[in-house]
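*Asks:* Quick one: structure below, then a few questions.
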Amino acid sequence: MKKLLFTLVMVFSAIFVQAQNEHLKFKGIPIAGDLNTFVGELKKQGFTHLEDEELSPNTAALEGTFTGRNVHILVGANSNNKDVWKVLVIFDDTKDWENLSEEYFSYKDLFTTKYGKPSFDIEKIEDDYAAKYKMEMYALSQNKVNYNTIFELVNGYIRIAIEPYGIVGGCIVIHYEDKINSNKRTQNKLDDI
């Protein structure tokens, strides 16, 4: 019996350690490797690389579809070693609060189905007047809307948020951050201090 219990503990420990050494994935692609290789993998899935001289050399912009919706993608890489560490999915903007909040809750439900209960979530309008008189988009433009859901995973985190866009618009943004390469990024900064 002790031998069986020991074996089970070792197997589960090995699985946990392996999961910690795996990169978070976006559309089945590990958030790892150099920026050009990652962008190339997205292009194979039908994304179009957008040339933008205003972006840092460690960032790439793409457009394509995600869950059947047209989106823009920003991919961030570490400056020292070019490892990709973050992917942002930016949905089209809207000025309609009901559509925006409905879309947020739809994605929250979708990700909850895949990853389980979120580690953190909040849906709050921090302006009582705006909430009472259905002025949510105005409150969003004033950064008084806090709609965030975070899924903390062994290999990174995913955050779904409603964010302001333009003067009175808003959009859904989904952040994917790989834990391994994010930690490398932090270590590179610490090494500079």
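*Asks:* Lys132: which aspartates and glutamates have alpha carbons under 19 Å from its alpha carbon, excluding same-chain residues fewer than 8 sequence positions away?
*Replies:* Here the aspartates and glutamates satisfying the reach criterion relative to Lys132 are Asp96, Glu98, Glu102, Glu123.
*Asks:* Further question: Mind checking the range 42-98 for GluC sites (Glu not before Pro) that DSSP puts in a loop (not H, G, I, E or B) and that have at most 10 other Cβ atoms within 10 Å?
*Replies:* The qualifying sites are Glu51, Glu53, Glu54.
*Asks:* Summarise the long-distance tail of P(r) for the range 47-193 by giving the % of C-alpha pairs beyond 23 Å.
*Replies:* 44 percent
*Asks:* Still on this structure, please answer the following. Could you give the spread of the C-alpha atoms of the range 24-88 along their three principal axes, from largest to smallest, in whole angstroms?
*Replies:* That gives 35, 27, 17 Å along the principal axes, largest extent first.
*Asks:* Of the GluC sites (Glu not before Pro) in the range 125-155, which ones lie in a loop per DSSP and count no more than 14 other C-beta atoms within 10 Å?
*Replies:* Filter output for the range 125-155: Glu126.
*Asks:* Also, I was wondering about something else. Express the carbon and sulfur contribution to the solvent-accessible surface of the chain as a percent, rounded to the nearest whole number, probe 1.4 angstrom.
*Replies:* Carbon-and-sulfur percentage of accessible area, whole number: 53.
*Asks:* Assigning unit charges at the beta carbon (Lys, Arg +1; Asp, Glu -1) and nothing else, what dipole magnitude in debye, to the nearest 20, does the chain show about its Cα centre?
*Replies:* So the dipole magnitude of the chain works out to roughly 1060 debye.
*Asks:* Using only Cα atoms, find the angle between the long axis of helix 97-115 and the longest principal axis of the chain, and express it within 0 to 90 degrees, rounded to the nearest 10.
*Replies:* 10 degrees
*Asks:* Here's another thing I want to ask about it. Which entries of Lys117/Lys179; Lys43/Lys86; Lys44/Lys114; Lys86/Lys114; Lys27/Lys124; Lys43/Lys189 show an alpha-carbon separation above 26 angstrom in the structure shown?
*Replies:* Checking Cα-Cα distances, Lys27/Lys124; Lys43/Lys189 exceed 26 Å.
*Asks:* If you don't mind, another one. Under a 1.4 Å probe, what is the accessible area of the range 82-146 per residue, stated in Å²?
*Replies:* Ligands and nucleic acids excluded, the figure is 62 Å² per residue.
*Asks:* Still on this structure, please answer the following. Angle, helix 35-44 long axis vs. longest principal axis of the chain, Cα atoms, 0 to 90°, nearest 10?
*Replies:* The helix 35-44 is inclined about 70 degrees to the chain.
*Asks:* Follow-up. Arrange the peptides 174-183, 103-112 so that the one whose residues have, on average, the most other Cβ atoms within 10 Å appears first.
*Replies:* 174-183, 103-112
*Asks:* How much length is gained on full extension from Tyr133 to Lys184, taking 0.36 nm per residue of separation minus their Cα-Cα distance?
*Replies:* 13.7 nm
*Asks:* Based solely on its DSSP helices, what 222 nm [θ] is calculated for the chain when runs of n ≥ 4 H residues each add -39,500 (n - 2.57) and the sum is averaged over all residues, nearest 500 deg cm²/dmol?
*Replies:* That comes out to -12000 deg cm²/dmol.
The values are calculated or read from the model by the stated rules, or taken from the named source; none is laboratory data. Because the structure is a prediction, the values reported are computed rather than measured. Backbone-built Cβ (ideal geometry, glycine too); neighbour counts: all protein chains shown. Ligands, DNA and RNA are excluded from the accessible area calculation, which covers all protein heavy atoms including side chains. Shrake-Rupley method; radii C 1.70, N 1.55, O 1.52, S 1.80 Å.
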